[in-house]
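Visitor: Sharing a structure with you now.
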Amino acid sequence: MAATGAGAGKASPRRPPTVEERRKVRFDERGPSAGAAASALQLAMLAPPGPVDVQRYTIDLKVIPSLTRLEGTVRIQARVVSAGLATLDVGLYDNMAIVSILKGATPLGFARTANMIHITLDRAYATGEMLDFSISYAGTPAATGFGAFTFRTHGPTAQPIISSLSEDVYAPVWWPCIDRPDDKAIVDMNLNVPSSLTGVSNGTLAATINNPDGTKTFQWRSAYPISTYLVSVAVSNYATFGSTYTPVTGGAPMPVQHWVYPEHLAAAQVDLSVTVPQLTFFSGLFGEYPFVNEKYGHAIFPFGGGMEHQTATSYGSNLIKGTNQYDWIVAHELAHQWWGDSVTLGDWKQTWLNEGFASYSEALWWEHLYGAAGLQTYMTSFDSRPFCGTLADPGTCDTFGHTVYDKGAWVLHMLRHVVGDTAFFQGLRNYAFDYAYSNATTPDFKAVMESTSGLALTSFFNRWVYQQGEPSYRWGWTAASTPAGWVTHVRIEQTQPGAPFEMPIDLRVVTGAASATTTVWNTAVNQDFALPPTASAPTSVQLDPQGWVLKSAITMTLSDGDADGVPDSADNCPAGFNPAQEDLDGDMLGDACDPDIDGDQRPNGSDCAPADPSAQDPPTEVTGLQVSGGAVCSLVWDPDPAQGAGLLFEVLRVDASSLVPNAGVGSAGCRELGLDVPLFAEVSQPSAGDAFCFLVRKRNACGPGSLGLGSDGSQRTSTACP
């Protein structure tokens with residue numbers, strides 16, 4: 001449903017309605033909401049499960065404009081759900097007189113309180129049995145709701161216009177029914193009106209009967225089940241025109257018919273010309289128009305906006321301008337045929353499943369016309385914060401307040417970005433198909449989107465649907481020059497109360513004439529991101545440039561103590577210049593200030609390969625060295641526990657006469673460079689009067705071969721064993 005007041009002429013260039021225009025749209029000519037008007041018994045009826053499942057209503061309704069009076073009989077055929085059912089409550093406002101309640105020819109007893117008829121059945125009925133009874137009644141409908149049933153006039157000759165608008169719990173104002181959205185039934189409407197008038201209702205016109213008393217009966221038949229609040233009548237001296245819609249799935253053309261005031265005919269032909277293009281667009285997007293075997297069209301009535309009566313939208317007379325100014329309302333009410341009429345909310349707490357979906361459909365039509373920029377502009381028109389209450393239970397504020405329309409549209413827009421276009425639109429088609437001609441709840445919709453996308457969406461729905469608020473971002477950026485290019489660092493902080501919003505956020509980095517967009521997942525109150533490098537320095541960074549997130553955002557300057565382009569909050573070495581954020585051992589301590597770069601437990605100063613954890617320590621002497629023998633000298637020493645890791649032993653020998661006091665073994669020569677066992681045999685003999693001195697040590701990377709990588713990442717060269 002959408003409502004509006006009088007507006008200005010067509011804007012040039014075209015623009016979506018503003019927040020204030022939308023507020024006027026929804027609140028003009030409004031009555032009290034269901035939360036204020038429904039009695040305790042009515043509210044109890046809305047709580048599942050119902051005692052019966054109505055299968056069919058047959059409504060014989062006589063409209064007498066001269067008396068502002070209705071006379072009618074409603075036959076109710078229902079299957080019993082509650083075992084042992086002996087009484088049944090049916091809604092009908094107390095001011096409407098009951099002529100009789102009959103089961104066949106047998107009268108049924110009844111009592112009345114609080115706009116309810118408490119009927120005593122002829123016996124107790126078992127589960128699965130059928131009830132079949134009729135209620136005859138008469139009276140002038142009460143003035144309540146959004147104009148639940150009105151007798152008015154239009155035009156220079158004050159022609160009658162009689163119409164209904166039953167949303168949300170006001171069908172019993174003018175006809176007896178079990179008024180709950182989750183009890184759909186087939187409806188046959190036999191609408192009797194003065195012969196100078198035309199009666200419009202849901203479904204297909206099966207016959208028009210000229211009666212001898214100067215009246216006509218319009219027999220409307222619906223093959224699709226319908227919720228009680230969507231049953232409609234509109235009666236006036238209508239002029240009519242139409243066209244056809246060719247189903248996107250193939251098949252016979254469907255009639256598109258409009259009933260308008262004669263004085264508005266030319267203007268209406270302009271304003272309603274968008275109907276067929278929108279039918280084609282939405283059918284391609286959501287799946288075939290759900291009532292393609294019947295019709296679609298508009299009947300003009302005296303309301304501030306529109307009402308999505310199934311197959312026959314009631315369209316406010318003040319919307320007819322001849323300028324296409326209100327194409328967005330045409331789109332909104334048409335989209336309801338999928339979201340509200342075919343897939344109907346399970347209860348009135350789920351209003352966003354109707355209004356949020358229809359509102360976002362407006363934006364999709366705008367995107368179809370004007371592209372991504374048009375979509376972004378249209379979504380801005382839905383930013384009507386502050387929002388009252390939650391989408392899950394708007395009744396605490398207003399069942400039809402701007403929260404369910406605008407925030408509802410925003411939630412769908414954001415969900416689209418979370419799951420991606422392919423999954424989002426396939427999910428909508430799946431949802432429309434799975435719950436066609438039935439009822440759905442928020443958990444049902446969530447389950448379909450999870451199944452389609454393969455993503456867990458509990459966090460998203462909890463934060464956006466079941467809780468209040470939206471994220472408030474504080475963010476800033478820096479850029480660091482690295483060997484790989486310029487790395488842009490972005491910090492995002494969430495300052496709103498409550499848990500963080502877990503959302504994908506687009507970050508656009510602009511470098512001169514070029515730009516690159518990266519999507520990051522913001523899941524924490526405070527979070528830093530390093531974006532892929534760019535060839536040149538960024539000139540600006542934009543957060544959510546296409547407006548995918550309902551948010552507030554302010555910028556901040558990030559602290560960078562070492563001026564390396566990495567903010568202190570993300571710098572792994574805030575006291576040392578390290579723009580590339582090298583961290584060889586991954587210990588979150590950057591190489592610029594890590595005392596052990598390679599994490600091999602050897603300080604850089606004593607590590608011959610400080611950037612290579614696989615390189616060994618400098619050689620050290622073995623323990624337990626023993627020398628024995630004569631012509632052949634045998635050396636043995638203690639094995640090393642680490643030998644299995646690749647340690648080798650080296651044996652150095654020097655003549656005793658060459659030793660220089662306090663000068664070590666600088667002249668020693670290598671006898672063996674790579675022993676893998678702790679023993680050596682010396683077969684040479686020292687010169688006469690001299691002796692051999694031996695040094696045995698554990699050999700490592702300081703022997704022949706690679707010394708590993710140095711702290712600058714370059715290959716270190718090795719020298720022979722001294």
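The values are calculated or read from the model by the stated rules, or taken from the named source; none is laboratory data. All values reported here derive from a predicted model rather than from experimental measurement. In this analysis, Cβ positions are derived from the backbone assuming ideal geometry, glycine residues included, and neighbour counts consider all displayed protein chains.
Visitor: Among the residues of the stretch 117-137, count how many are crowded, with 16+ Cβ neighbours inside 10 Å and either basic (Lys, Arg) or touching a Pro at 6+ places or on another chain (Cβ under 8 Å) (or both).
Guide: Filtering the stretch 117-137 for residues crowded, with 16+ Cβ neighbours inside 10 Å gives 117, 119, 121, 125, 131, 133-137.
Narrowing the set further to residues that are either basic (Lys, Arg) or touching a Pro at 6+ places or on another chain (Cβ under 8 Å) (or both) leaves 117, 135, 137.
Result for the stretch 117-137: 3.
Visitor: Can you list residue pairs whose Cβ atoms sit under 9 Å apart, with the first residue in the stretch 547-571 being within 29 Å of Leu375 (Cα to Cα) and loosely packed, with under 12 Cβ neighbours inside 10 Å and the second being among the hydroxyl-bearing types (Ser, Thr, Tyr) and at pLDDT 95 or above? Count only pairs 6 or more apart in sequence or on different chains.
Guide: That search, which allows pairs on different chains as well, returns Ile554/Ser472; Ile554/Tyr473; Ile554/Thr495.
Visitor: If you go through the stretch 460-488 one residue at a time, how many are over 23 Å from Thr351 (Cβ atoms), surrounded by fewer than 17 Cβ atoms within 10 Å (Cβ to Cβ) and either touching a Cys at 6+ places or on another chain (Cβ under 8 Å) or not charged (D, E, K, R) (or both)?
Guide: Let us first name the residues in the stretch 460-488 that are over 23 Å from Thr351 (Cβ atoms), namely 471-488.
Next cut, surrounded by fewer than 17 Cβ atoms within 10 Å (Cβ to Cβ) only: 472, 474, 481, 483-485.
Then drop every residue that is not either touching a Cys at 6+ places or on another chain (Cβ under 8 Å) or not charged (D, E, K, R) (or both), which leaves 472, 481, 483-485.
Matching residues across the stretch 460-488 total 5.
Visitor: Within the stretch 528-544, identify whether any single residue is over 30 Å from Gly498 (Cβ atoms), buried (at least 18 other Cβ atoms within 10 Å of the Cβ), free of Cβ contacts under 8 Å to residues at least 60 places away in the same chain and touching a Phe, Trp or Tyr at 6+ places or on another chain (Cβ under 7 Å), and answer yes or no. Don't jump to the end; show me each part of the working.
Guide: First, pick out the residues of the stretch 528-544 that are over 30 Å from Gly498 (Cβ atoms): 532-540.
From what's left, buried (at least 18 other Cβ atoms within 10 Å of the Cβ): 533-534, 538.
Of the ones still in play, those that are also free of Cβ contacts under 8 Å to residues at least 60 places away in the same chain are 533-534.
Of the ones still in play, those that are also touching a Phe, Trp or Tyr at 6+ places or on another chain (Cβ under 7 Å) are 533-534.
Yes: one or more hits.
Visitor: Within the group Ala447, Ala456, Ala484, Ala479, which residue is in the same structural domain as Gln527 (by TED's automatic domain parsing) and out of contact with any Gly (no Cβ under 8 Å at 6 or more places or on another chain)? Step through it out loud before you land on a result.
Guide: Values: Ala447 fails: in the same structural domain as Gln527 (by TED's automatic domain parsing); Ala456 fails: in the same structural domain as Gln527 (by TED's automatic domain parsing); Ala479 fails: out of contact with any Gly (no Cβ under 8 Å at 6 or more places or on another chain).
Answer to the check: Ala484.
Visitor: Those residues that are crowded, with 23+ Cβ neighbours inside 10 Å, in a strand (DSSP E or B), touching a residue at least 40 places away in the same chain (Cβ under 8 Å) and not aliphatic (A, V, I, L, M), I need them from the stretch 215-251; list them, please.
Guide: Ser236
Visitor: Which of (1) surrounded by 18 or more Cβ atoms within 10 Å (Cβ to Cβ); (2) at pLDDT below 90 is the odd one out, the single condition Gly599 does not satisfy?
Guide: Against the list (1) surrounded by 18 or more Cβ atoms within 10 Å (Cβ to Cβ); (2) at pLDDT below 90, Gly599 comes up short only on (1).
Visitor: Would you confirm, using the coordinates I've provided, whether Glu333 is of a type in the set (Asp, Glu) and out of contact with any Asp or Glu (no Cβ under 6 Å at 6 or more places or on another chain)?
Guide: Considered against the rule, which asks whether it is of a type in the set (Asp, Glu) and out of contact with any Asp or Glu (no Cβ under 6 Å at 6 or more places or on another chain), Glu333 comes out as no.
Visitor: Related question: Which condition from (1) assigned to a loop (DSSP other than H, G, I, E, B); (2) polar (S, T, N, Q); (3) over 24 Å from Ala185 (Cα atoms); (4) at pLDDT 95 or above is the one that Gln310 breaks?
Guide: Every listed condition holds for Gln310 apart from (3).
Visitor: Please note which strands (runs of 3 or more DSSP E) are completely contained in the stretch 484-537 and include at least 1 residues that are under 16 Å from Glu470 (Cβ atoms) and within 22 Å of the chain's Cα centre (by Cα). Before the answer, list the steps.
Guide: On the way: elements: 485-494, 503-511, 514-522, 526-530.
The qualifying strands (runs of 3 or more DSSP E) are 485-494, 503-511, 514-522.
Visitor: Picking from Gly590, Gly605, which residue would you name as being at pLDDT below 95 and either among the hydrophobic types (A, V, I, L, M, F, W, C) or surrounded by 14 or more Cβ atoms within 10 Å (Cβ to Cβ) (or both)? Spell out how you get there, then give the answer.
Guide: On the way: Gly605 fails: either among the hydrophobic types (A, V, I, L, M, F, W, C) or surrounded by 14 or more Cβ atoms within 10 Å (Cβ to Cβ) (or both).
Answer to the check: Gly590.
Visitor: How many residues are out of contact with any Ser or Thr (no Cβ under 6 Å at 6 or more places or on another chain), without any contact (Cβ under 8 Å) to a residue 12 or more places away in the chain and in a strand (DSSP E or B) when one looks only at the stretch 70-119?
Guide: So the count comes out to 2.
Visitor: Anything in the stretch 252-295 that is part of a helix (DSSP H, G or I) and touching a His at 6+ places or on another chain (Cβ under 7 Å)? List them, or say none. Lay out the reasoning, then the answer.
Guide: Initial filter on the stretch 252-295 (part of a helix (DSSP H, G or I)): 262-286.
Correct list: Ala268, Leu272, Phe281.
Visitor: So, one more: Cβ-Cβ distance below 6 Å, separation of 6 or more or different chains: which pairs start in the stretch 625-638 with a residue that is free of Cβ contacts under 8 Å to residues at least 40 places away in the same chain and end on one that is in a strand (DSSP E or B) and surrounded by 13 or more Cβ atoms within 10 Å (Cβ to Cβ)?
Guide: Pairs found: Gln626/Val636; Ser628/Ser634.
Residue-wise test of (1) of a type in the set (Lys, Arg); (2) within 27 Å of the chain's Cα centre (by Cα); (3) under 17 Å from Tyr261 (Cα atoms); (4) surrounded by fewer than 24 Cβ atoms within 10 Å (Cβ to Cβ).
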| residue | (1), (2), (3), (4) |
| --- | --- |
| Val292 | no, no, no, yes |
| Lys295 | yes, no, no, yes |
| His298 | no, no, yes, no |
| Pro302 | no, no, yes, yes |
| Tyr315 | no, no, yes, no |
| Lys321 | yes, no, yes, yes |
| Leu334 | no, yes, no, no |
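Visitor: Against the definition (polar (S, T, N, Q), under 40 Å from the mean Cα position of the chain (by Cα) and surrounded by fewer than 22 Cβ atoms within 10 Å (Cβ to Cβ)), how does Thr157 come out, yes or no? So that I can check it myself, show each step before the final result.
Guide: Numbers: polar (S, T, N, Q): yes; under 40 Å from the mean Cα position of the chain (by Cα): no; surrounded by fewer than 22 Cβ atoms within 10 Å (Cβ to Cβ): yes.
When the stated conditions are applied, Thr157 does not pass them.
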